[in-house]
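Following: one structure in structure tokens, then a few remarks.
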């Protein structure tokens, strides 16, 4: 056991000597994950963990899913790479399925290798189509780490520069329980946000290109507006020809349980003009992409390719993963098991004054933590809970304002027994953190 511990410490030292300081690692003593199966992973010391984060919502179905690993191996045995300069049957097959599932009429699909790249491509399309570099983005949002994506990321913990090729206009609405409209009813909240949007657009010179929004803010701590906000926004945008980009990198593929896409909770006005996706579709393989109606997707006048987007191996993985997800109704499982899990976590949190809110839907659950007896976000509480959970064999993520929210997003095949186990482990971790921060113990 000591041999493995020494190896992990040595690997951490090597990591720090050759990789950027800003490359985030979880835990005071970072761990190396070596293999996984189902909803569990193991580290290099032999410790087993229940995975409630899925490599940042990316291992969507299960670790080492046989259907996906078989598809990857078989395709790799034929040909690994061709590029978009040649016809690719796996790419066309997956594009057809995603176009049909998107809800966007006359849809076209462009594949990338990540959500960042997908959002970057969506911004290129929107600004070119509208001949404007003005973008509406939500406060507290996160859209990636490219130069353009950072410029529209409202969560300042993940936006290292104010320089940007875009003029970003920040919109209210992504965080229901904080901010100037938090005290309003849902209907009043939507009305106030729409009025603010209209006022902003009246004072904006030139035509805005698009609104980009996550239906549920991922890195922002799984916060969301009331259902219907983006439908109300869409009516305002459509009157002015402004595009709506739905960033489904974290909310897509049925994770929210109630809907296949996050935008469908706001679907009264129909689908978005542009939809971006990534993460879960590849179940760990590097797939991202953009879906847009044809006139938007085809607006680029210059040639373009994607060297690695649409790779035969990743497309084979995506096809196998999507087929498994649909045939096993993992969206329904997310709704059922996620509903049980969130109620269990709300019961756990009821007696703890470090917990401000338990929120989310399906298997996308956030727990916002505060300093005991206050309403101040507590990153130290989140750090304490994350460490205590790891010590008990549970992996979770962090996000939100100053990193004070826990992010819980297990693979969509999570069982009821595993949900109960994870909730119990998180209960213990929250109790320990409450004691560390000096708050009264929960009952």
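Tell me, which residue of segment 302-313 that is out of contact with any helix residue (DSSP H, G or I) (no Cβ under 6 Å at 6 or more places or on another chain) and touching a residue at least 40 places away in the same chain (Cβ under 8 Å) is surrounded by the fewest Cβ atoms within 10 Å (Cβ to Cβ)?
305
For segment 425-442, state whether one or more residues are in a loop (DSSP other than H, G, I, E, B), crowded, with 20+ Cβ neighbours inside 10 Å and modelled with pLDDT under 95.
no
Which pairs turn up if I take residues in segment 330-346 that are in the same structural domain as residue 406 (by TED's automatic domain parsing) and look for partners that are modelled with pLDDT of 95 or more and assigned to a helix (DSSP H, G or I) with beta carbon separation below 6 Å, at least 6 apart in sequence or on another chain?
Listed pairs, sorted by first residue: 337/416; 337/419; 340/419; 341/419; 344/423; 345/423.
Just to check your reading of the model, which residue among 267, 310, 254, 280 is in contact with a strand residue (DSSP E or B) (Cβ under 8 Å, 6 or more places away or on another chain) and over 17 Å from residue 129 (Cβ atoms)?
Answer to the selection: 310.
Yes/no matrix, rows are residues, columns are (1) buried (at least 20 other Cβ atoms within 10 Å of the Cβ); (2) over 15 Å from residue 244 (Cβ atoms); (3) out of contact with any helix residue (DSSP H, G or I) (no Cβ under 6 Å at 6 or more places or on another chain):
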{"residue": "92", "(1), (2), (3)": "no, yes, yes"}
{"residue": "95", "(1), (2), (3)": "yes, yes, yes"}
{"residue": "102", "(1), (2), (3)": "yes, no, yes"}
{"residue": "106", "(1), (2), (3)": "no, yes, no"}
{"residue": "109", "(1), (2), (3)": "yes, yes, no"}
{"residue": "112", "(1), (2), (3)": "yes, yes, no"}
{"residue": "118", "(1), (2), (3)": "yes, yes, yes"}
{"residue": "129", "(1), (2), (3)": "yes, no, no"}
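Can you report the number of residues in segment 157-186 which are at pLDDT 90 or above and outside any loop (DSSP other than H, G, I, E, B)?
Number satisfying all stated conditions: 6.
Which strands (runs of 3 or more DSSP E) sit wholly inside segment 274-382 and have at least 1 residues that are over 20 Å from residue 429 (Cα atoms) and within 23 Å of the chain's Cα centre (by Cα)?
Once the strands (runs of 3 or more DSSP E) in segment 274-382 are filtered for at least 1 residues that are over 20 Å from residue 429 (Cα atoms) and within 23 Å of the chain's Cα centre (by Cα), what remains is 274-277, 288-293, 355-361.
It is to be established whether one or more residues within segment 54-63 are outside any helix (DSSP H, G or I) and loosely packed, with under 15 Cβ neighbours inside 10 Å.
No, every residue in segment 54-63 fails to be outside any helix (DSSP H, G or I) and loosely packed, with under 15 Cβ neighbours inside 10 Å.
The values are calculated or read from the model by the stated rules, or taken from the named source; none is laboratory data. Just so we're clear, the structure is a prediction, and the values are computed from it rather than from any experiment. Heads up, the Cβs are rebuilt from the backbone with ideal geometry, glycines too, and the neighbour counts pull from every protein chain shown.
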